[in-house]
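Taking it in order: structure first as structure tokens, then the write-up.
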Amino acid sequence: MKKYSYLLPVFLLSFILNHQAQTINAENPFFNEWETPFQTPPFSEIKQEHFLAGYEAGIKQQNSEIDAIVTNSDKPTFENTIAALEKSGQLLTKVNKVFSSLNGTDTDDEMQKIAEQSTSMLSKHIDDFYLNEKLFERIKTLYDEKEKLNLTTEQSRVLENYYINFVRGGANLSNEGKEQLRKINDELSQLVLKFGDNVRKENNKFELIVENEKDLAGLPDASIQAAMEKAEAKGLNGKWLFTIDKPTLIPFLQFSENRSLREKMYKAYMNRGNNNDELDNKKIFSRITVIRVEKANLLGYKTYSDFVLQKKMAKTPDNVYSFLYDIWKPTLSKAKSEVEDMQKIIDAEGGKFSLEPWDWWYYAEKVKKEKYALDEEMLRPYFQLENVISGVFAVSTKLWGLQFVERGDIQVYNSEVKVFEVKEADGKHIGILYTDYFPRAGKTNGAWCGDFRGQSNMDGNYITPLVTNVGNFSKPTSDKPALISLDEVRTLFHEFGHALHVLFQNVTYPSAASVPSDFVELPSQIMENWAMQPEVLKMYAKHFETGEIIPQELIDKIDNSRFFNQGFETLEYIAASLLDMDWHVITDTDERDVLQFEKESIIKMGLISQVWPRYLTTNFIHIATWGYESGYYSYLWAAVLDADAFEAFMETSLFDKVTAESFRKNILSRGGSEDPMELYTKFRGRKPTVDALLKNREENRQSMLY
Ligand SMILES: [Zn+2]
């Protein structure tokens, strides 16, 4: 469920980084070769004032590299044009990857100011790049004679992507059109940034202060303890402070017996960006959609969705709609029967009200106890964060022989971060993994995988990746270690799957790393399948105090309740996906009343009143900021792939080495170096079918559907 953007929106051009020595300013660490282990970023030396200078120098450097390419009097070749481009911009990439990452995990007002300025600089730089006529001419020449160039599959795809991206970047426009596109891109980049910043501030703003102990009824001890510590930290001794970050919000909704406080918390979460104040996102989002339409039209597409989907597996808005509606119908009836189950409990308890959206978690929890005798809080003691991490490592060791060594000698950007070296079975270095799992005021909500350096292998220079896994999981309290929820366990496995995709990547050119969002969720979602296998649970789910392995009885309960509440979860997900699509198939450029549009969209899809879409427009950060616009459907699309792919293990065995090796060789190591469908077919020996997913669905098994 909690699957977020694979990468924070970073610079569109992903270029190589190979530590070219720089002497522009020895005091700015970005200008020096990093003498750290594996050339990891020297965070202790990097100060905020280094970023903008780094961006400026990086842009200047890449511009002169591009000049050298376009003024080359030799006729264009793959080497002197495409490969040369792939080698350009190393300093810019180095600065941007570090900045984007830190701006996601540890931002503050100063970082936001830098983000505003650097975003503007990058937006112009990207436009300069795609609107460079001489450069496009060279690329077009190569593209037109592609068949004669004797390229490898990867080279051919890289060239094709350059050509398509240039066309999509406006290379074929008239001068007037190019000017217009620049304006659009600049405005869009600022709006998107502002939207994201508002949501982050909203996440931190709302506080529910409980003064009366009876308002804590039902809440787990750990939630109460954490709320007390939060209040104390603010000098509110004897009170309890609840915020709307997920590790606080979800247990509150699940367990608080105070219905009006649950409503307050849920509405505060859903109304982020919709409070008619300085953080309001309604006008911003409306404007974003208007200029997205303008951009699409300018580039020759009917809608922004058409523009986006051209580069995805799904290809067209119609394909996405029919895909979503296919699953919508059975999901809706499943959700309706879940409503009935919950209403029965409400009635039996003498509650004289109908189930509302903020009641789901609370009554779902009761249904779970009643039907499956499972109390989620019983599981937490077995999910100590460190044990879950050992679990995902152990799965990778069994599948691919990977080794993980914690490194204390590698610098971190925050004391909560841990660093692991990842090695092959024979000890060969693969890359570095940074894990950063707890909420902080400066951290964006959600969970994601990013990197400080991507993999590439040009001119025999193999660059190993530096990957990050970031989450907002339940924190340790003063008397207990971090005991995470079942959902957080899945998320951890999910993001780790993305990390493996980056770590295993073995491509030549940096830009070959780019993977469509409806394919990129395959490696992450497939990992979630291992997390809940009884055999795997026994490997890592050990009681934090006694070390006792999770009892079979609890494993059975997890297994039985696997499909519990899936009507609701899938429905709120598809509703958000349809809302996303509706916003991006608009064909006119009228400013819209965001709430009215949202209401009409919800009515049109036929959503039941007891469920709201997982995100409402004003805080739907995936589609405003994270690059998932007209792409939120991707998780479900990839679910078809991951169900079908995992079936290959079920047909052999959970840790079948041959299947694992084939998955690594054909998918995980290939990045975007070949068409995703081709890659998949090489792994599976055929195209994906929805059978695995449907088979699960017929048994009401919709766990794949997030
Ligand atoms: Zn993901």
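The values are calculated or read from the model by the stated rules, or taken from the named source; none is laboratory data. Nothing here was measured: the structure is a model prediction, and the numbers come from that model. Cβ sites come from the backbone with ideal geometry, for glycine too, and all protein chains shown count toward neighbours. Accessible surface areas use protein heavy atoms only, side chains included; no ligands, DNA or RNA. Shrake-Rupley method; radii C 1.70, N 1.55, O 1.52, S 1.80 Å.
Rolling a 1.4 Å sphere over the protein heavy atoms, what is the accessible area per residue of the chain, to the nearest Å²?
38
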Exercise. Could you tell me what percent of the accessible area of region 199-285 is made up of carbon and sulfur, with a 1.4 Å probe and every protein chain present?
Key: 48
Practice problem: Kindly state, to the nearest 0.05, the FRET efficiency for K371 paired with T546, given R0 = 22 Å and r defined as their beta-carbon distance. | Solution: 0.20
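Express in nm, to one decimal, how much length is gained between Q190 and N560 on full extension, taking 0.36 nm for each residue of separation and deducting their alpha carbon distance.
Numbers: separation 370, 0.36 × 370 = 133.20 nm, distance 4.75 nm.
Gain on stretching Q190 to N560: 128.5 nm.
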Quiz prompt | Residues whose placed amide H lies under 5 Å from that of F452, excluding near-sequence neighbours | solution = L466, V467, T468
Quiz item: Which trypsin sites (Lys or Arg not before Pro) from region 170-236 combine a DSSP loop assignment with at most 13 other Cβ atoms within 10 Å?
Solution: K234
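Please go through the residue pairs K239/K538; K418/K480; K214/K369; K234/K538; K140/K194; K146/K311 and name each one whose alpha carbons sit more than 30 Å apart in this structure. Could you put the intermediate results ahead of the total?
On the way: K239/K538 39 Å; K418/K480 19 Å; K214/K369 23 Å; K234/K538 41 Å; K140/K194 36 Å; K146/K311 20 Å.
Long pairs (Cα-Cα over 30 Å): K239/K538; K234/K538; K140/K194.
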Self-check item: Fraction of accessible area attributable to carbon and sulfur, region 547-618 (%, probe 1.4 Å)
Solution: 49
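Of the beta bridges DSSP finds with both residues in the chain, what % are antiparallel, to the nearest 5?
Values: 23 of 28 bridges.
For the chain, the DSSP antiparallel bridge percentage is about 80.
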Practice problem: Of the options L219, Q48, V585, report the single residue whose Cα projects farthest towards the positive end of the charge dipole of the chain (beta-carbon charges: Lys, Arg +1; Asp, Glu -1). | Solution: V585
Quiz item: Roughly how many Å² of Y615 are accessible to a 1.4 Å probe, to the nearest 10?
Solution: 10
Self-check item: Options Y130, V95, M111, ranked by Cα towards positive dipole end of region 48-142, top entry (Cβ charges)
Solution: Y130
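What full-extension length gain, to one decimal in nm, is calculated for E79 and D590 as 0.36 nm per residue of separation minus the Cα-Cα distance? Intermediate values should be presented prior to the final figure.
Working: separation 511, 0.36 × 511 = 183.96 nm, distance 4.63 nm.
Difference between extended and current length: 179.3 nm.
Quick one: putting +1 on the C-beta of Lys and Arg, -1 on the C-beta of Asp and Glu, what dipole do you get for region 140-283 around its Cα centre, in Debye to the nearest 20? Don't skip to the answer; put the middle values down first.
Working: 24 positive and 24 negative charges, 52 e Å.
Dipole size: approximately 260 debye.
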Self-check item: Protein accessible area in region 319-416, 1.4 Å probe - carbon and sulfur %
Solution: 50
Exercise. Any lysines with Cα under 17 Å of the K246 Cα? List them, leaving off those in the same chain fewer than 8 positions away.
Key: K2, K3, K201, K205, K230, K264, K267, K443, K475
Exercise. Go through region 31-133 and name the trypsin sites (Lys or Arg not before Pro) that are in a DSSP coil and have 13 or fewer other Cβ atoms within 10 Å of their Cβ.
Key: K47
Exercise. Report the local net charge at W530: Lys and Arg +1, Asp and Glu -1, summed over other residues whose C-beta lies under 13 Å from its C-beta.
Key: -1
Quiz item: Treating the beta-carbon of each Lys and Arg as +1 and of each Asp and Glu as -1, no other charges, what is the dipole magnitude of region 60-108 about its Cα centre, to the nearest 20 debye?
Solution: 40
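Under 8 Å for C-alpha pairs, at least 6 residues apart: give me the relative contact order for the chain, rounded to a whole percent. Could the numbers behind the result be given before it?
Details: 1155 pairs, mean separation 122.5, N = 706.
With pairs under 8 Å counted, the relative contact order is 17 percent.
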Quiz prompt | Whichever lysines have a C-alpha closer than 16 Å to that of K366, once near sequence neighbours (fewer than 8 apart) are set aside | solution = K344, K557
Quiz item: Any idea what the relative contact order of region 399-459 is, in percent, if you count C-alpha pairs under 8 Å spaced at least 6 apart?
Solution: 24
Quiz prompt | Amide N of region 393-418 lying under 16 Å from the label point, which is placed 7 angstrom from the Cα of H429 along Cα→Cβ | solution = 403-411
Quiz item: In debye, nearest 20: dipole of the chain around its Cα centre with unit charges on the Cβ of K, R (+) and D, E (-)?
Solution: 720
Quiz item: For the pair E179 and K682, how long in nm is the line joining their label points, each one 7 Å along Cα→Cβ?
Solution: 4.7
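For L122, what charge total do you get from the other residues with a beta carbon under 12 Å from its beta carbon, if Lys and Arg give +1 and Asp and Glu give -1? Before the final figure, lay out each step's value.
Numbers: positive: K124; negative: E56, E116, D127, D128, D186.
Around L122, the charge tally is -4.
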Quiz item: How far is the Cα center of region 92-163 from the Cα center of region 213-243, in Å?
Solution: 47
Quiz item: Given 0.36 nm per residue, what is the gain on full extension from I603 to E232 after removing their alpha carbon distance, in nm?
Solution: 129.1 nm
Quiz item: Can you work out the base-10 log of I(q)/I(0) for the chain at q = 0.08, 0.09 1/Å, using the Debye formula on its C-alpha atoms alone?
Solution: -0.62, -0.80
